[in-house]
1. Quick check on the exposure proxy: order Thr85, Thr23 from fewest to most C-beta atoms within 10 angstrom.
2. Based only on other Cβ atoms within 10 Å, what is the fewest-to-most ordering of Thr20, Thr40, Thr12?
3. Can you give the net charge of the other residues whose Cβ lies under 10 Å from the Cβ of Asp172, counting K and R as +1 and D and E as -1?
4. More than 21 angstrom separation, counting every C-alpha pair in segment 8-190; what % is that?
5. Taking the Cα centre of each part, how many Å lie between segment 19-66 and segment 83-109?
6. Using +1 on the beta carbon of Lys and Arg, -1 on that of Asp and Glu, and nothing else charged, what's the dipole of the chain about the Cα centre, debye to 20?
7. Which listed residue (Leu26, Thr85, Gln113) has the Cα farthest towards the positive end of the charge dipole for segment 15-131, taking +1 on Lys and Arg C-beta and -1 on Asp and Glu C-beta about the Cα centre?
8. Any idea what Rg and Dmax come out to for segment 9-91 if you just take the C-alpha atoms, in Å?
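Read the figures in this text as sums done on the coordinates, not as results from a lab. Given the structure is predicted, the values throughout are model-derived calculations rather than measurements. Note that we place each Cβ from the backbone using ideal geometry, even for glycine, and neighbour counts take in every protein chain shown.
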Amino acid sequence: MQTAHQKILIITAPSGAGKTSITRHLMKRFSSLEFSVSATTRQPRNSEKDGVDYYYIGTEDFKQKIQQKEFAEWEMVYEGKYYGTLKSELKRIWALQKVPVLDIDVKGAIHVQKQYPENTLSIFIEPPSVEELKKRLEGRGTETPESLNARINKAAYEISFKDQFDKVILNDNLENASATACELVKQFLQS
Ligand code: 5GP
């Protein structure tokens, strides 16, 4: 369980909506925030590091952790690829007297909100349009045509859940969206 001093900040959005950029901006601005490193069964990309970007674990190991109730939430975000927030990660960050920042998918975010309703701020980053999202993902160059399609279909579905979150920020301009996020987080940290 979460006590009154144990806050959680959730940043969620369809993939490519800019949530990682906004999360990074927030982490630089507020020293009391600490990135919550998720566990995943997907392979590391390019410069990603184990224990920094994710805890990369095998599928059997992941399933065992599900059974042992070690996750605050977990999802099969893409076909066959699991992602989850370990309860031990939240405890690690709270023990540092810091606030965990969860950069997670929409379903996972809804679960965390339900499970930790006290002192949790959830922010949904809305992309300007599905077309724009497609352009951004293509520009990132990390997707195959299949994975690009999967991400676009999922994005359209995820946008339909935006009203379930505390705040929605439209990211039609990264600088403005980051500034709005900073203002919301500042109020949350002071509350
Ligand atoms: P990527 O593979 O691009 O790093 O992440 C894919 C998606 O999984 C992103 O939307 C990311 O936010 C989400 N994700 C990362 N960690 C977690 C997690 O612990 N739980 C859930 N539910 N989603 C996550």
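1. Values: Thr85 27, Thr23 22.
Fewest-to-most ranking of Thr85, Thr23: Thr23, Thr85.
2. Details: Thr20 14, Thr40 20, Thr12 26.
Going from sparsest to densest Cβ surroundings: Thr20, Thr40, Thr12.
3. Working: positive: none; negative: Glu126, Glu132.
Residues near Asp172 contribute -2 overall.
4. Working: 8143 of 16653 pairs.
Summing the P(r) tail past 21 Å for segment 8-190 gives 49 percent.
5. That distance is 10 Å.
6. Numbers: 27 positive and 26 negative charges, 88 e Å.
It works out to roughly 420 debye.
7. Farthest along the dipole direction, towards plus: Leu26.
8. For segment 9-91, the Cα-based Rg and Dmax read 13.3, 38 Å.
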